[in-house]
1. Tell me which chymotrypsin sites (Phe, Trp or Tyr not before Pro) from region 417-473 have a DSSP coil assignment and no more than 15 other beta carbons within 10 Å of their own.
2. Leaving out same-chain residues fewer than 8 places away, which aspartates and glutamates sit with a Cα under 14 Å from that of K242?
3. Over region 443-492, with the other protein chains present, what is the accessible area per residue in square angstrom, probe 1.4 angstrom?
4. Using a 1.4 angstrom probe on heavy atoms only, work out the carbon and sulfur share of the accessible area of region 80-165 in %.
5. Carbon and sulfur: what percent of region 357-464's accessible surface (1.4 Å probe)?
6. For the chain, just give the cysteines left without a disulfide-compatible partner, judged by no other Cys Cβ under 4.7 Å.
7. Given a Förster distance of 25 angstrom, what is the FRET efficiency for M269 paired with K227, based on the Cβ-Cβ distance and rounded to 0.05?
8. With charges set only on the Cβ (+1 for Lys and Arg, -1 for Asp and Glu), what does the dipole of region 439-492 come to about its Cα centre, in debye to the nearest 20?
Amino acid sequence: MRVLMLYPEFPDTFWSFKHALKFVSKKASNPPLGLITVASILPLDWEKRLIDLNVQNLNNKDLEWADYVFISAMNIQSESVAEIIEWVNNKKPIVAGGPLFTACYENYPQIDHFILNEGEITLPLFLSDVLNRTTKRIYSTTDFADMSKTPIPSWELIDFRAYDSMAIQFSRGCPFNCDFCNVTALLGHKPRTKTSSQLISELDALYQHGWRRNIFIVDDNFIGNKKILKESLLPALIEWRKGKKGCLFTTEASINLADDSELLEMMVMAGFRSVFIGIETPEESSLSLCNKKQNQNRDLVKSVRTIQTAGIQVLGGFIVGFDTDSPSAFQRQIDFIQKSGIVTAMVGLLQAPFGTDLYRRMKREGRLSSEMSGDNLDGSTNIIPIMPIQKLMAGYQHILKTIFSPAAFYRRIQTFLEVYEPVYHPVSLSAQEIAAFFKSILLLGVLGKERKYYWQLFFWALTKKPALFPVAITLSIYGYHFMRVSDKVLNS
């Protein structure tokens, strides 16, 4: 059996980092972890090809070669999914899975088979039926997978040169219950983990493939089970790092990471350099409304600073459009972002994903207006907001225009670097990173609208924080991306 695995293209968003990736001659941030894990579940004697549309184009010869076309996608990739379906045009059976299809498979009558929920459970059911020639259209489950049985991804299917970072996963599920988040709807409240030896085996496989760059641990809340991190995984990662270069980690976590100094210290020693945290809003009333209990009744700026001073950069997710947001909420978002020194601040309008408490409430209230795009930068929402939509959009655009102005963005970089004290881990600069430095001088320092601020930061970092000079340049390059994607909303 021959399987052509297709990963749809992402639009240009905060998370795509497309404009920044050009500096290091990379085409995408991360490979399709779901598909290459699925590839490892498929029978060994099946032939597999992977086309990631973020790094290469479709090829008709590949379609002719295939017996099945497999697609995995998230909501934000829906436009590319439609293009893939049109390209296949009923020539080969399509098998689809991932969050997009688990939420709304009814919208895709052209697809032959759906592998919904967690593939470790539903994919083997489909494979058994293929063998017996009794395949069904829908394979779903209400059970959660035992992650200790998840295989090592089929890394051999990807072109490592195309990616800036690799993606691996340790846990699924989150103990919290934010009403707008579909993580728990898809993956449950109880964090389930792989064994530490499993993750080390995955890292060993990456290292043996020659990988030395960034690694994104894609858990929606990496610290959901602190006990297993402290007692098993982090000690194993600290030991694994010995004698190795590169392979620094990024992950996602909740703000209560700031409350555990031991956990913070261990993560830094294990090689964690940055963490994405859903800050959402500094408005207590909005945090209460969306049940973001872990963010309530705390000094959020202080919590962010605690993580930064420990040696981990905070990437922040922010939302406007809560029912309790007043016209002053926009400026308070700006003030918080600037004061906290969160350089990579990703701000979007509130959306209601299918399966969430927010979705159910909006449906009861008759306030669902459309399908959710999943794009936190396209200026859309599937909710009819309390605030007049014109005022909401104007406030949202004011935030983007302000925080991604060169003056504000570069001020945040300096605010962050003034408190950031990372632990040194051996890293070798690649030729691509050296080239990125010289590209930054040309595109930011000579041709860019940010050139005045670029040179101010350049010499400030060089004289005041020379050890952090590479970080300053990297964040400047991030700014190049954020300023250009935010212009898309501002000019629409």
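The values are calculated or read from the model by the stated rules, or taken from the named source; none is laboratory data. These figures come from a predicted structure and were not determined experimentally. Heads up, the Cβs are rebuilt from the backbone with ideal geometry, glycines too, and the neighbour counts pull from every protein chain shown. Quick note on the areas: whole protein, heavy atoms, side chains included, nothing else; ligands and nucleic acids left out. Shrake-Rupley method; radii C 1.70, N 1.55, O 1.52, S 1.80 Å.
1. Taking region 417-473 and a limit of 15 other Cβ atoms within 10 Å, the loop chymotrypsin sites (Phe, Trp or Tyr not before Pro) found are Y424.
2. Straight-line reach from K242, under 14 Å: D204.
3. For region 443-492, the per-residue accessible area is 49 Å².
4. Ligands and nucleic acids excluded, carbon and sulfur give 49 percent.
5. 61
6. Flagged as lacking a Cys partner: C104, C174, C247, C290.
7. Once the sixth-power term is evaluated, E becomes 0.90.
8. About 60 debye.
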